[in-house]
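Undergrad: Please see the structure below; I have some questions.
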Amino acid sequence: MAAPDKYKILGGFHKYYKGVENAPCMTLFVGGNHEASGYNRELHLGGWVAKNIYFMGYSNVLKYKGLKIGGISGIYMQHNYNNNYNETPAMFGKNSMHHVRKFEVEKLKQYRGDLDIFVSHDWPTLITDKRNGEKELATLLKIKPYFKQDIKKGELGSPVSNDILERLRPAWWFSSHLHVRHRVNVNWSGSSVEKNKDEINVSDSENENADKPYQMPQRKKTRFLALDKCLPGRKYLEIIDFELDEHTDVVDTLQYDTEWLAILKTLQKHIPSGDQILGKDLDPEAEKFWNNIGSDVMREIATEKDKLEQNSVSLMVPDNFSMIAPAVDGDFNENSRIPRGYAQRPYRESNMVGRPNTDSHLLGGGASKFYHNPQTELFCSKFDIPDIFKDY
């Protein structure tokens, strides 16, 4: 985990992992910058980290009880945004493990559906634009006056999340990271169905909607809410009610989204994997692809979506969490530090050249290890989606 040593103490999550405690309701989350990055990587396409607690992966769109929920994990750092996922298991404590990559942003930008909720860790930089509310901005700066210079330079938050926000225009956008409650409405100017600036015209006889230009969701505003740290006296919890259309199909289980599956089937194979990711920089061919996603890709996504719908494949996310790695034993408490030499997670030997499996300084001198999670293996097998970390 990337964090100062003083924070590397055992918290309460191990109780949920072991099943001693259970989340009382369906809980979805995205990664931030202080999670167990190795565990998250095992479930980079999404998966249960404990009973009733679902990690949305590096990017995702899911359905639950009639709501469409999108999300992206990590924080933006310009120097890593265009890089491969080049971290070896020996590097799982590096900050780059939780840095957003271009692949995830571009996948989300291809989504055409109407989202009810989007979740990110850091804020889109657009949120602190004074046009979204001068009163709200003044209140924010009163609480966090040191934000002023970053806001002035347009550097408070993630510029690439702006692309997602402007493209998808969800009804709600939830964030955290900056340890302060902040709520504003992002008002969309012009027509609610204006064409996107990156519009792609697609013509494909196999899909009746493929020749229609991309249109913005018919929504006048996106409500943004960020909450504070989970500490006494802080504003870290709110309950929001959603009104659903009477014709909405409300299913009481977590479900995959057909369009998102089609995007993964089309684009995941273009993310460098295996020995290709030993270098930090993208190879020229991959760089060209991700910088110029065109109409041929949109046609392929439309075709894959049609196939999924015609095959009537089950979209229910299987309730298949299992404790596949050993948890800490009962001798630990929430104030215990990981002891030196304690290997937290088992792993398979790496088949990749030049990929060491141990690290002398992570976990207080213990081993940093990677386990191929059966949830990811099942998902990739069922939907024929490549696992870019299968050769770890």
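Undergrad: Can you tell me which residues in the range 16-33 are surrounded by 15 or more Cβ atoms within 10 Å (Cβ to Cβ) and either assigned to a loop (DSSP other than H, G, I, E, B) or over 22 Å from the mean Cα position of the chain (by Cα) (or both)?
TA: LYS18, VAL30, GLY31, GLY32, ASN33
Undergrad: Please tell me if ARG183 is surrounded by fewer than 17 Cβ atoms within 10 Å (Cβ to Cβ) and assigned to a helix (DSSP H, G or I). Working first, answer last.
TA: Details: surrounded by fewer than 17 Cβ atoms within 10 Å (Cβ to Cβ): yes; assigned to a helix (DSSP H, G or I): no.
No; evaluated as a whole, the condition is false for this residue.
Undergrad: Restricting to the range 85-106, and then to whatever is in contact with a Leu (Cβ under 9 Å, 6 or more places away or on another chain), of a type outside the set (A, V, I, L, M, F, W, C) and farther than 21 Å from MET298 by Cβ, can you tell me which residue is modelled with the lowest pLDDT? Steps first, answer last, please.
TA: Kept after step one, since they are in contact with a Leu (Cβ under 9 Å, 6 or more places away or on another chain), are these residues of the range 85-106: 86, 88, 90-93, 102-103, 106.
Going one step further and asking which of them are of a type outside the set (A, V, I, L, M, F, W, C), we end up with 86, 88, 93, 102, 106.
Restricting the remaining residues to those that are farther than 21 Å from MET298 by Cβ gives 86, 88, 93.
Values: ASN86: 83, THR88: 76, GLY93: 70.
Among those that are in contact with a Leu (Cβ under 9 Å, 6 or more places away or on another chain), of a type outside the set (A, V, I, L, M, F, W, C) and farther than 21 Å from MET298 by Cβ, it is GLY93.
Undergrad: With the checklist (1) within 30 Å of VAL180 (Cα to Cα); (2) modelled with pLDDT of 90 or more; (3) not polar (S, T, N, Q) in hand, flag the one item LEU244 doesn't pass.
TA: (2)
Undergrad: Conditions: (1) assigned to a loop (DSSP other than H, G, I, E, B); (2) modelled with pLDDT of 85 or more; (3) buried (at least 17 other Cβ atoms within 10 Å of the Cβ). THR253 meets all but one. Number of the miss?
TA: (3)
Undergrad: Hey, among the residues in the range 74-93 that are in a helix (DSSP H, G or I) and closer than 20 Å to HIS270 by Cα, which one's farthest from the chain's Cα centre (by Cα)?
TA: Looking at residues that are in a helix (DSSP H, G or I) and closer than 20 Å to HIS270 by Cα, I get ASN80.
Undergrad: Can I ask one more? Keeping to the range 60-73, report how many residues are part of a strand (DSSP E or B) and either surrounded by fewer than 23 Cβ atoms within 10 Å (Cβ to Cβ) or among the charged types (D, E, K, R) (or both). It would help to see each step written out before you state the result.
TA: The first filter runs over the range 60-73 and keeps only residues part of a strand (DSSP E or B), leaving 60-64, 67-72.
Within this subset, residues satisfying the condition of being either surrounded by fewer than 23 Cβ atoms within 10 Å (Cβ to Cβ) or among the charged types (D, E, K, R) (or both) are 62-64, 67-69.
Residues flagged as part of a strand (DSSP E or B) and either surrounded by fewer than 23 Cβ atoms within 10 Å (Cβ to Cβ) or among the charged types (D, E, K, R) (or both) within the range 60-73 amount to 6.
Undergrad: I'm checking my understanding of the structure. Among residues of the range 41-59 that are part of a strand (DSSP E or B) and in contact with a strand residue (DSSP E or B) (Cβ under 8 Å, 6 or more places away or on another chain), which one is farthest from THR27 (Cα to Cα)?
TA: Here is the first cut: in the range 41-59, the ones part of a strand (DSSP E or B) are 47-50, 53-55, 59.
Checking which are in contact with a strand residue (DSSP E or B) (Cβ under 8 Å, 6 or more places away or on another chain) leaves us with 47-49, 53-55, 59.
On the way: GLY47: 12, TRP48: 10, VAL49: 10, ILE53: 5, TYR54: 6, PHE55: 9, SER59: 16 Å.
Taking the candidates together, the pick is SER59.
Undergrad: Somewhere in the range 94-113, is a residue part of a helix (DSSP H, G or I), of a type in the set (Val, Ile, Thr) and free of Cβ contacts under 8 Å to residues at least 40 places away in the same chain? Before you say what the answer is, go through the steps one by one.
TA: We begin by selecting, within the range 94-113, every residue part of a helix (DSSP H, G or I); these are 95-98, 102-109.
Imposing the further condition that a residue be of a type in the set (Val, Ile, Thr) reduces the set to 105.
Okay, now just the ones that are also free of Cβ contacts under 8 Å to residues at least 40 places away in the same chain, so none.
No, the range 94-113 contains no residue that is part of a helix (DSSP H, G or I), of a type in the set (Val, Ile, Thr) and free of Cβ contacts under 8 Å to residues at least 40 places away in the same chain.
Undergrad: Shifting gears a bit: For the range 92-99, state whether one or more residues are more than 20 Å from ASP281 (Cβ to Cβ) and surrounded by fewer than 22 Cβ atoms within 10 Å (Cβ to Cβ). Working first, answer last.
TA: So in the range 92-99, the residues more than 20 Å from ASP281 (Cβ to Cβ) come out as 92-93.
Restricting the remaining residues to those that are surrounded by fewer than 22 Cβ atoms within 10 Å (Cβ to Cβ) gives 93.
Yes: the range 92-99 contains one or more residues that are more than 20 Å from ASP281 (Cβ to Cβ) and surrounded by fewer than 22 Cβ atoms within 10 Å (Cβ to Cβ).
Undergrad: Residues to consider are ASP319, ASP331; find the one that is of a type in the set (D, E, K, R), assigned to a loop (DSSP other than H, G, I, E, B) and at pLDDT 95 or above. Working first, answer last.
TA: Details: ASP331 fails: at pLDDT 95 or above.
One residue alone meets the criteria, ASP319.
Undergrad: Might you check whether a residue that is under 28 Å from TRP48 (Cα atoms) and in a loop (DSSP other than H, G, I, E, B) occurs anywhere in the range 293-311?
TA: yes
Undergrad: Moving on. For the range 137-180, which positions are surrounded by fewer than 16 Cβ atoms within 10 Å (Cβ to Cβ), under 30 Å from ARG112 (Cβ atoms) and free of Cβ contacts under 8 Å to residues at least 40 places away in the same chain?
TA: GLY154
Undergrad: Now for a different question. Might you check whether a residue that is touching a Cys at 6+ places or on another chain (Cβ under 8 Å), assigned to a loop (DSSP other than H, G, I, E, B) and either more than 28 Å from VAL186 (Cα to Cα) or aromatic (Phe, Trp, Tyr) (or both) occurs anywhere in the range 262-276?
TA: No, the range 262-276 has no match at all.
Undergrad: Within the range 117-166, how many residues are small (Gly, Ala, Ser) and assigned to a helix (DSSP H, G or I)? Spell out how you get there, then give the answer.
TA: Within the range 117-166, the first condition is being small (Gly, Ala, Ser), and the residues that meet it are 120, 133, 138, 154, 157-158, 161.
From the residues that got through so far, the ones that are assigned to a helix (DSSP H, G or I) too are 138, 161.
The qualifying residues number 2.
Undergrad: Counting just the residues of the range 45-59 that are in contact (Cβ under 8 Å) with a residue 60 or more places away in the chain and touching an Asp or Glu at 6+ places or on another chain (Cβ under 8 Å), which one comes out surrounded by the most Cβ atoms within 10 Å (Cβ to Cβ)?
TA: Of all residues in the range 45-59, those in contact (Cβ under 8 Å) with a residue 60 or more places away in the chain come to 45-51, 54, 56.
Next cut, touching an Asp or Glu at 6+ places or on another chain (Cβ under 8 Å) only: 45, 48.
Numbers: LEU45: 23, TRP48: 19.
Going through the qualifying residues, I end up with LEU45.
Undergrad: Would you confirm, using the coordinates I've provided, whether ILE127 is without any contact (Cβ under 8 Å) to a residue 24 or more places away in the chain and within 19 Å of HIS179 (Cα to Cα)? Break it down stepwise before answering.
TA: Numbers: without any contact (Cβ under 8 Å) to a residue 24 or more places away in the chain: no; within 19 Å of HIS179 (Cα to Cα): yes.
In short, no.
Undergrad: Go through (1) free of Cβ contacts under 8 Å to residues at least 60 places away in the same chain; (2) small (Gly, Ala, Ser); (3) more than 14 Å from PHE224 (Cα to Cα); (4) crowded, with 17+ Cβ neighbours inside 10 Å one by one and return the number of the condition GLY133 breaks.
TA: (3)
The values are calculated or read from the model by the stated rules, or taken from the named source; none is laboratory data. Because the structure is predicted, anything quoted here is derived from the model rather than measured. Ideal geometry is used to build each Cβ from the backbone, glycine not excepted, and the neighbour counts take in all protein chains shown.
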